[in-house]
Structures are given as structure tokens and as C-alpha cells.
Amino acid sequence: MCGVILEREDPLENPFPFYVPPSDIGSHLGHLLSSRDGSDLSFAIKGETFLAHRAVLAARSPVFKAQLLGSMADAKMSSITLHDIAATIFKVMLRFMYTDSLPEDDVLGDSPIEVFEDLLAVADQYALDRLKLICASKLWENVSVDTFAATLSCAETYNYPELKKKCIAFFAEEKNFKKVVLTDGYVQLMQKFPSILAELREKVGT
């Protein structure tokens, strides 16, 4: 007579029996922004209005925290008008503050690199360090004859020495600098940062 031996499962050895999904807080906060539920603050930018939540902005940006929750004048205002930022750039930055993500490059229009240049400026203004690094990495990946001047200007303005080194190394290649010096951006760069000219000349040996 044959017997059947049943192995007993030891619950102490079994893995957790349920799937733990990845965090979806960004999705929820993105929906909060889109739905406008509970919004207590509005931004007026060149004819467009954006609704937001003080607590979210203050949690994400020390600049907004001081502006919205501190003793500054805007702390008691329900509407803030911004003059020094494009509405399209503010919209991208605002969604990033809620979701910690950016749209795909093809969603950013015909000139995504210009968008990242502008985003880098506002990320610096509002102390959004992760967004600054993302923008800098996009500029790093797309150094070209057309983007050289603007990228080097960003590197110098927002203190990214490694990005500056990459731009200078790109310029040092003969096939590149012969084209770069003919661009309007290069002329404007030299007018804005004349000290860079000496560094570039040293690199190319002229």
C-alpha cells in the first residue's frame, strides 16, 4: 500500500502573497492639479490662469514656502501675477511640482531644447534642484552647433562646470568651432560672457 506524503507549507518561509504596486502618488497629485479640487491659489500669466494648492507648492519649493506661508506679502494673497515667465513654461513646471515628471520631448513642441533652457531658469528661480538637474542633463545630451551658445550660457549662468567643460570640448573640435563662430548665438554669447572667449581660444590654440 502506497501512501501519499503531503508537504506542509511553512507560512514562515512563504513570500508575501500579494503584489505591492509601485507608488502612484504622482498620478493622484496630477489628478488633483487637473481637477482643481481644493485649489486655494491662482496664478495669472499673460492672460492665462493656473489654479494650484499652497501646501503642495510650499512642500516642493522653499521659495514658494517663504512666499506663500511666510511673512511675505503674497502669503495672504489668493492670486499672484507673474510677468517674468511664459505660461507654457509655468504649466510644465507646475505639473512637475505635482507629479515629479516631465512630458515627453515631442510634447514640448518643435524646440524642446529651448524649453529645457527656460525650465532650467525657472527651476533655479524656485530652487527645484531635481528639475534643474533633469534640464541640465537634457542640454548635456544635445550639445550641437545650434545649441552650443545657449547651452554654454546656461552652464555659466547656473553654475554647471561639467556642462561648461563639455561645451568647451565640443567647441575645441575643428569641425565644430568653424561652424559655431558663424552663429548669431556665438556673437551674443561673447557679448554676454566676454571672459569665456579666452577659455575658448586657449582650448583651440588660437
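The values are calculated or read from the model by the stated rules, or taken from the named source; none is laboratory data. Just so you know, these numbers come straight off a predicted model, no measurement behind them. Backbone-built Cβ (ideal geometry, glycine too); neighbour counts: all protein chains shown.
Any residue that is over 24 Å from residue 155 (Cα atoms), modelled with pLDDT of 95 or more and not basic (Lys, Arg) - is there at least one of those in segment 100-117? Taking every residue of segment 100-117 in turn, none turns out to be over 24 Å from residue 155 (Cα atoms), modelled with pLDDT of 95 or more and not basic (Lys, Arg). A search for C-beta distances below 9 Å between a residue of segment 17-34 that is part of a loop (DSSP other than H, G, I, E, B) and any residue that is surrounded by 10 or more Cβ atoms within 10 Å (Cβ to Cβ) and of a type outside the set (Asp, Glu), counting only pairs 6+ apart in sequence or on different chains, returns nothing.
Specify the residue that is modelled with the highest pLDDT; the eligible residues are those in segment 72-99 that are exposed (fewer than 12 other Cβ atoms within 10 Å of the Cβ) and in contact with a strand residue (DSSP E or B) (Cβ under 7 Å, 6 or more places away or on another chain). Working first, answer last.
Restricting attention to segment 72-99, the residues satisfying the condition of being exposed (fewer than 12 other Cβ atoms within 10 Å of the Cβ) are 72-73, 76, 78-79, 81, 83-84.
Narrowing the set further to residues that are in contact with a strand residue (DSSP E or B) (Cβ under 7 Å, 6 or more places away or on another chain) leaves 78-79, 81.
Values: 78: 88, 79: 92, 81: 95.
Restricting to residues being exposed (fewer than 12 other Cβ atoms within 10 Å of the Cβ) and in contact with a strand residue (DSSP E or B) (Cβ under 7 Å, 6 or more places away or on another chain), the top hit is 81.
Can we say residue 57 is out of contact with any strand residue (DSSP E or B) (no Cβ under 9 Å at 6 or more places or on another chain), among the hydrophobic types (A, V, I, L, M, F, W, C) and closer than 20 Å to residue 101 by Cβ? Taking the combined requirement at face value, the residue does not satisfy it. Of the residues making up segment 120-135, those that are surrounded by fewer than 23 Cβ atoms within 10 Å (Cβ to Cβ) and part of a helix (DSSP H, G or I) are 121, 122, 124, 125, 129, 130, 132, 133, 134.
Restrict the check to segment 43-57 and report whether at least one residue is in contact (Cβ under 8 Å) with a residue 12 or more places away in the chain, under 26 Å from residue 152 (Cβ atoms), surrounded by 16 or more Cβ atoms within 10 Å (Cβ to Cβ) and among the charged types (D, E, K, R).
No.
I'd like the full set of residues that are in a helix (DSSP H, G or I), hydrophobic (A, V, I, L, M, F, W, C) and in contact (Cβ under 8 Å) with a residue 40 or more places away in the chain, limited to segment 152-206. Of everything in segment 152-206, those that are in a helix (DSSP H, G or I), hydrophobic (A, V, I, L, M, F, W, C) and in contact (Cβ under 8 Å) with a residue 40 or more places away in the chain turn out to be 152, 189, 196.
Conditions (1) of a type in the set (D, E, K, R); (2) surrounded by fewer than 12 Cβ atoms within 10 Å (Cβ to Cβ), marked per residue:
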{"site": "110", "(1), (2)": "yes, yes"}
{"site": "114", "(1), (2)": "yes, no"}
{"site": "146", "(1), (2)": "yes, no"}
{"site": "171", "(1), (2)": "no, no"}
{"site": "187", "(1), (2)": "no, no"}
{"site": "190", "(1), (2)": "no, no"}
{"site": "194", "(1), (2)": "no, yes"}
